[in-house]
Every structure is written in C-alpha cells, then in structure tokens.
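A.B. asks: First the structure, which I've put down as structure tokens, then a few questions once you've had a look.
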Amino acid sequence: MLRASYQILGLDEAATDAEIKQAWRRLSAFYHPDRNKQSVVATEMFKIVQQAYAEVLASRDTVEQAEESSNNGARSCRRKRQGSRSQRRFHWQLPEHYIGTNLKCEA
C-alpha cells in the first residue's frame with residue numbers, strides 16, 4: 001500500500017521530504033473541491049491524495065522513531081527540579097552534568 005501511495009503522489013520511494021510536500025501541495029491544489037465544485041471525481045481524487053500523503057508521512061515517522069530508539073541506549077535530556085518544593089522551577093540538565101554517560105541532548 002505504501003508503494004501505491006508514492007505512485008499516487010507521482011514520486012519514487014527515495015524522494016526527499018521537500019519533494020513529497022511539493023507533490024502533495026501540487027496535487028491537492030489541482031483536485032481541491034473548492035476549485036472543482038461540480039466534479040465528484042476531483043473530490044474523490046483529493047481524498048485519495050490526502051490519504052496517500054498521510055500514509056507516506058506515517059511511514060517516515062515510524063522509520064525515524066525506529067532509528068531514534070536504536071540509538072545504542074542513548075538517553076535524552078531529563079528535566080531536573082531546582083529550588084525548594086514550593087518554587088517548583090525546572091530547567092534542562094546539561095550534558096556536562098552527565099560526564100561519562102551516553103547522552104544525546106537536542107532541543
């Protein structure tokens with residue numbers, strides 16, 4: 001089904017995110033129901049294009065999540081409570097606080 005989604009958008013499976021977004025915008029503008037008020041076929045094609053774009057994005061997200069989870073056990077930054085209990089102020093711990101640990105910090 002994913003291959004069909006790429007074919008609907010007119011792209012190869014090796015397409016970049018920018019190319020995917022550009023193809024989706026071009027097709028959704030072409031088949032948009034506001035431009036084709038009398039055409040039922042255009043409305044259905046618009047729905048198909050939207051569904052194909054959603055499937056491609058979902059597959060890309062799952063690939064990115066799988067890559068992040070297999071990051072050799074790297075932990076992300078944690079929040080640390082500072083100050084008294086009544087203040088409840090938080091800040092991000094810096095990587096320097098974790099010297100000697102495998103840590104990946106991105107904001």
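A.B. asks: Obtain the nm distance between the two label points defined at Leu57 and His32 by a simple spin-label model: each point lies 7 Å from its Cα along the Cα-to-C-beta direction.
C.D. replies: The answer from the label model is 1.6 nm.
A.B. asks: So what's the net charge close to Ala4: Lys and Arg +1, Asp and Glu -1, counting the other residues with Cβ under 12 Å from its Cβ?
C.D. replies: It works out to a net charge of -1.
Since every read-out is calculated from the coordinates, none of them should be taken as a lab result. The model shown is predicted, which means the values in this text are computed figures rather than measured ones. Positions of Cβ are generated from backbone atoms using ideal geometry, with glycine treated the same way; all protein chains shown enter the neighbour counts.
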